[in-house]
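Visitor: Below is one structure. I have some questions about it.
The values are calculated or read from the model by the stated rules, or taken from the named source; none is laboratory data. Not measured: the values here are computed from a predicted model. Backbone-built Cβ (ideal geometry, glycine too); neighbour counts: all protein chains shown. To get the accessible areas, we keep the full protein, side chains included, count just its heavy atoms, and leave off ligands, DNA and RNA. Shrake-Rupley method; radii C 1.70, N 1.55, O 1.52, S 1.80 Å.
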Amino acid sequence: MTGGTVDHGIRLTVNGREVAVAPHPDRSLLEVLRYELGLTGTKYGCGEGECGACTVLVDGGPARACQLPVAEVEGAMILTVEGLARDGALTDVQRAFVETGAFQCGFCTPGMVVRATGLLARNPHPSDGEIREALDGNLCRCGGYTRIREAVRRAAEAAAPGGSP
Ligand code: FES
Ligand code: FES
């Protein structure tokens, strides 16, 4: 993260680190993440709340960062794709996306991975229908939906007791 912790402004916790950002009233969370904090893993797609490329977790729930004024998430815990891997070790969801080949251009991938992470955190054993429903609002222009859903299934299996390491 290139942005530093400052002593004033809107405070929020991003990937476990408390930051304070300038209180521009019209600034979206997406703009803050990308342009103030240097977290460019969260993508700018449509900018209109339609594509899900900007999905992050806010207090554990999926949210479209392009539609969220940063002032509305003051005090919240934000998780972006950069906050998933620890010391270079991918999460089950990230590893499953790689192993399944669940991306082509990769533009939708951070949003998909973050949304899937939120889904499995609250529902570790989702049905195919629940996976489909959870990812429904995230668009993949490369049409990789089948492999993306397969990756989420694989991640759920890996996290289950007796699942693959
Ligand atoms: S960039 Fe936010 S929904 Fe498309
Ligand atoms: S992999 Fe290209 S948009 Fe989904």
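Visitor: Of the conditions (1) within 20 Å of residue 80 (Cα to Cα); (2) in a helix (DSSP H, G or I); (3) more than 16 Å from ligand 1 (Cβ to nearest atom), residue 118 fails just one. Which one is it?
Guide: Checking residue 118 against (1) within 20 Å of residue 80 (Cα to Cα); (2) in a helix (DSSP H, G or I); (3) more than 16 Å from ligand 1 (Cβ to nearest atom), the one that fails is (3).
Visitor: Test residue 59 against the criterion of being free of Cβ contacts under 8 Å to residues at least 24 places away in the same chain, more than 10 Å from ligand 1 (Cβ to nearest atom), at positive phi and under 14 Å from the mean Cα position of the chain (by Cα), and give yes or no. Step through it out loud before you land on a result.
Guide: Details: free of Cβ contacts under 8 Å to residues at least 24 places away in the same chain: yes; more than 10 Å from ligand 1 (Cβ to nearest atom): yes; at positive phi: yes; under 14 Å from the mean Cα position of the chain (by Cα): yes.
Spelling it out, residue 59 is indeed free of Cβ contacts under 8 Å to residues at least 24 places away in the same chain, more than 10 Å from ligand 1 (Cβ to nearest atom), at positive phi and under 14 Å from the mean Cα position of the chain (by Cα).
Visitor: Based on this model, can you work out whether residue 97 counts as within 13 Å of ligand 2 (Cβ to nearest atom), part of a loop (DSSP other than H, G, I, E, B), modelled with pLDDT of 95 or more and assigned by TED's automatic domain parsing to the domain that holds residue 134?
Guide: no
Visitor: Please state which of the following conditions residue 115 fails to meet, knowing it meets all the rest: (1) near ligand 2 (Cβ under 7 Å from one of its atoms); (2) under 16 Å from residue 42 (Cβ atoms).
Guide: (1)
Visitor: Consider segment 45-62. How many of its residues are farther than 21 Å from residue 9 by Cα, of a type in the set (A, V, I, L, M) and open to solvent by 20 Å² or more (accessible area, probe 1.4 Å)?
Guide: Total meeting the criteria: 0.
Visitor: Separate question: Being within 14 Å of ligand 2 (Cβ to nearest atom) and outside any loop (DSSP other than H, G, I, E, B) is the filter here; which residues of segment 28-55 pass it?
Guide: 55
Visitor: Now, a different point. Looking at segment 100-131, which of its residues are among the small types (Gly, Ala, Ser), more than 14 Å from residue 79 (Cα to Cα) and buried (at least 21 other Cβ atoms within 10 Å of the Cβ)?
Guide: Across segment 100-131, the qualifying residue is only 102.
Visitor: Sticking with this structure for a sec: Being open to solvent by less than 30 Å² (accessible area, probe 1.4 Å) and either of a type in the set (D, E, K, R) or within 24 Å of residue 133 (Cα to Cα) (or both) is the filter here; which residues of segment 31-44 pass it?
Guide: Hits for segment 31-44 are 41, 42.
Visitor: If you take the residues in segment 65-80 that are open to solvent by 30 Å² or more (accessible area, probe 1.4 Å) and either within 16 Å of ligand 2 (Cβ to nearest atom) or of a type in the set (A, V, I, L, M, F, W, C) (or both), which one is nearest to residue 147 (Cα to Cα)?
Guide: Among those that are open to solvent by 30 Å² or more (accessible area, probe 1.4 Å) and either within 16 Å of ligand 2 (Cβ to nearest atom) or of a type in the set (A, V, I, L, M, F, W, C) (or both), it is 79.
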